[in-house]
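Take a look at the structure set out below.
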Amino acid sequence: MPEINVPGNPFSRIALCLSGGGYRAASFHLGALSYLYRLQFDGQPLLHRVQALSTVSGGTITGVVYAMQTKKGKSFPEIYSFLTDKLHNVDLIRQGLAKLNRDPHWANPKKRKNLINAFAEIYDQEFTQGETFDIFENMENCHLKEVMFNATEFSTGVIFRFQNDGRFGNYHHPIKKSVGYEVKLADVIAASSCFTGGFEPIEWPNDFIHEEALELQEEAPLLVNFGLMDGGIYDNQGIDSILRAEARVDAKPYDLIIVSDVTSPYMKGFKFLENKKNQGWRRWTLLGIRRGINRLFWGINAILLIALIYSLYFLYRNYADNLLTGLLIGVSFFTFLISGFLFWLRFKTKRQFDKFSDYIEKELSDDLPIRDLKLLHFSEIPFHHWEALIVDRVKSLAVLVSDVFLKTIRRLVYGRLYDSPTHQYRRVSNLIRELTSADFYAKQSQGQREPDYFQNLPGCPSDLRGTYDQVIGPNLEKIAESAASFGTNLWFTETNKLEGRLEDLIVSGQASMCFNLLKYLVELRGTPNNGFENLPVKTRSEIDLVWIQCLSDWRRFKEDPDFLL
């Protein structure tokens, strides 16, 4: 087995991955960035050692804004202030839905009028101010050298990268750099973050065309049209893009890959619908309802017919030119109209329903056994059977998409990084659930390498040894639980704001990054015969200074978690 040694300078060239997860991800990652900015390495913030940035979905909101404003010369405190203000005050759902109302203002009228393009308009207005990807064409005066914002394309089902180095797009759909550089950063965020179920796909290239994209407009008729959706469908952590960048010809491996991730590795599991008593509406059938409606229909028509006959007879027998005669004629005429309208409505409804059924059969027959479903007598099935058929299917589909599918991919992608011997001292995971008591004890009960592994290494401080209360403590527990329990939303409600959810997410990102860098440094400095002792004295001294900073900050986080706010 080959000898595994630490990199020559573990903090020289860092790659940073920011996972998807809505505003939860955007806020948590902002906290992680802010702690990397706080740490000093060799006379500058450790954040400035990040040379590659790969982001997905909610992480792309923070990643694009940070990369864009850094390239424009903004300081990190300015970027931090800008993003906290936007995350706190921009309600994407409310503003996006408002754009779908009749005759709203669209800055780009060429876009399809759907929710994801409404979001793109808001991103452009609130977060990126019309900036295009060409801002990343020359990265000479920026600590970032590579940016990779990831989406999933829906023609071959693989990743689609908006990146300044390597192939723009993917193998199946390579995009000329000059065309890709005309794309608005707001549309990049939209493509990366349009998660399934919440949004429809954004279309390449039509939804990316704008007035200043001259070459894109010219090339569009020659390009293949396809849909783009959330990058998390293929890789929710952005790890794949970093590993592919390392695999390029003449590429150097990164000294450290940091994966900031807000997705949970745990599943709630599928629960079947409880059996309910077969009574009330659950006993109904569509056939029974239809028969009841028919009886009601014919009953109403019978009453109307009787009223009409009675009115005509009364008029014939007792005709007089007075008010009563006028009323009877009016009633008769109205009765005739109502009866005719009901017959017309019934005929029209049946005709439209038949057309709709034919349309559904035509559109879905290639994907679903529509014709075979006709063998099932739907109208005779009681509603309590329908309840289980529908609810269990919908719930299982939701679990499949949100848990089984995404978590399986997550494990496979993480496996490529964590099963690789060459990355043993080149990886750090910054996980949102890491500081929760449930995660701490779950790892112990499942016999995972943590926390026992790093706790037993030489040089592990007493601050990282012992029980959950001793290592993390109650002050951080409350914030960690609040951050981990926040949903995959694209807004903070007024209640969330009063509860300080944004602040909890930021603090959780800061504290988690501190904690995980400490664990990494324990392993780096304390593992026997890993080559650390052979590093240059200056490098080891700088790493020791980072260690001292992290340990001091960790003690402060345990006592006063929001001291960096």
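Among the residues of region 66-97, those that are open to solvent by 50 Å² or more (accessible area, probe 1.4 Å), of a type outside the set (Ser, Thr, Tyr) and without any contact (Cβ under 8 Å) to a residue 40 or more places away in the chain comprise Gly73, Lys74, Pro77, Glu78, Asp85, Asn89, Gln95, Leu97. Failed condition for Asp504, given (1) of a type outside the set (A, V, I, L, M, F, W, C); (2) within 30 Å of Leu457 (Cβ to Cβ); (3) out of contact with any Pro (no Cβ under 8 Å at 6 or more places or on another chain), with all others met? Here Asp504 meets the rest and fails (2). Scanning region 114-141 for residues that are closer than 23 Å to Ile239 by Cβ and open to solvent by 10 Å² or more (accessible area, probe 1.4 Å) returns a single hit, Met139.
Quick one: in region 519-565, which of the residues that are of a type in the set (Asp, Glu) and out of contact with any strand residue (DSSP E or B) (no Cβ under 7 Å at 6 or more places or on another chain) is most open to solvent (accessible area, probe 1.4 Å)?
Looking at residues that are of a type in the set (Asp, Glu) and out of contact with any strand residue (DSSP E or B) (no Cβ under 7 Å at 6 or more places or on another chain), I get Glu559.
Residue count for region 54-93, restricted to those that are part of a helix (DSSP H, G or I), farther than 27 Å from Arg244 by Cβ and touching a helix residue (DSSP H, G or I) at 6+ places or on another chain (Cβ under 8 Å): 11. Of all residues in region 171-204, those being under 22 Å from the mean Cα position of the chain (by Cα), more than 21 Å from Gln69 (Cβ to Cβ) and open to solvent by less than 10 Å² (accessible area, probe 1.4 Å) number 3.
Go through region 449-521 and tell me which helices (runs of 4 or more DSSP H), entirely inside it, have 2 or more residues that are at pLDDT below 90.
Per the criteria, 452-455, 494-499.
Within region 51-65, can one find any residue that is among the small types (Gly, Ala, Ser) and loosely packed, with under 15 Cβ neighbours inside 10 Å? Within region 51-65, not a single residue is among the small types (Gly, Ala, Ser) and loosely packed, with under 15 Cβ neighbours inside 10 Å.
Out of Phe149, Phe154, Phe160, report the one residue that is modelled with pLDDT of 90 or more, open to solvent by 20 Å² or more (accessible area, probe 1.4 Å) and within 17 Å of the chain's Cα centre (by Cα).
Details: Phe149 fails: open to solvent by 20 Å² or more (accessible area, probe 1.4 Å); Phe160 fails: open to solvent by 20 Å² or more (accessible area, probe 1.4 Å).
Going through Phe149, Phe154, Phe160 in turn, just one is modelled with pLDDT of 90 or more, open to solvent by 20 Å² or more (accessible area, probe 1.4 Å) and within 17 Å of the chain's Cα centre (by Cα): Phe154.
Residues that are under 16 Å from Ile159 (Cα atoms) and buried (at least 17 other Cβ atoms within 10 Å of the Cβ) within region 206-227 comprise just one, Gly227. Regarding region 126-138, can at least one residue be identified that is more than 30 Å from Ser75 (Cα to Cα), touching a residue at least 40 places away in the same chain (Cβ under 8 Å) and not in a loop (DSSP other than H, G, I, E, B)? Within region 126-138, none of the residues are more than 30 Å from Ser75 (Cα to Cα), touching a residue at least 40 places away in the same chain (Cβ under 8 Å) and not in a loop (DSSP other than H, G, I, E, B).
Pairs linking a residue in region 547-565 that is polar (S, T, N, Q) to a residue that is surrounded by 19 or more Cβ atoms within 10 Å (Cβ to Cβ), with Cβ atoms under 7 Å and 6 or more positions apart or on different chains, are Gln549/Leu39. His105 - would you say it is under 21 Å from the mean Cα position of the chain (by Cα), of a type outside the set (Asp, Glu) and open to solvent by 20 Å² or more (accessible area, probe 1.4 Å)? Criteria not met by His105. Exactly one residue out of Asn101, Asn108 is assigned to a loop (DSSP other than H, G, I, E, B) and free of Cβ contacts under 8 Å to residues at least 40 places away in the same chain: that is Asn101.
The values are calculated or read from the model by the stated rules, or taken from the named source; none is laboratory data. Just so you know, these numbers come straight off a predicted model, no measurement behind them. Ideal geometry is used to build each Cβ from the backbone, glycine not excepted, and the neighbour counts take in all protein chains shown. In case anyone asks, the SASA skips ligands and DNA or RNA and just uses the protein heavy atoms, side chains included. Shrake-Rupley method; radii C 1.70, N 1.55, O 1.52, S 1.80 Å.
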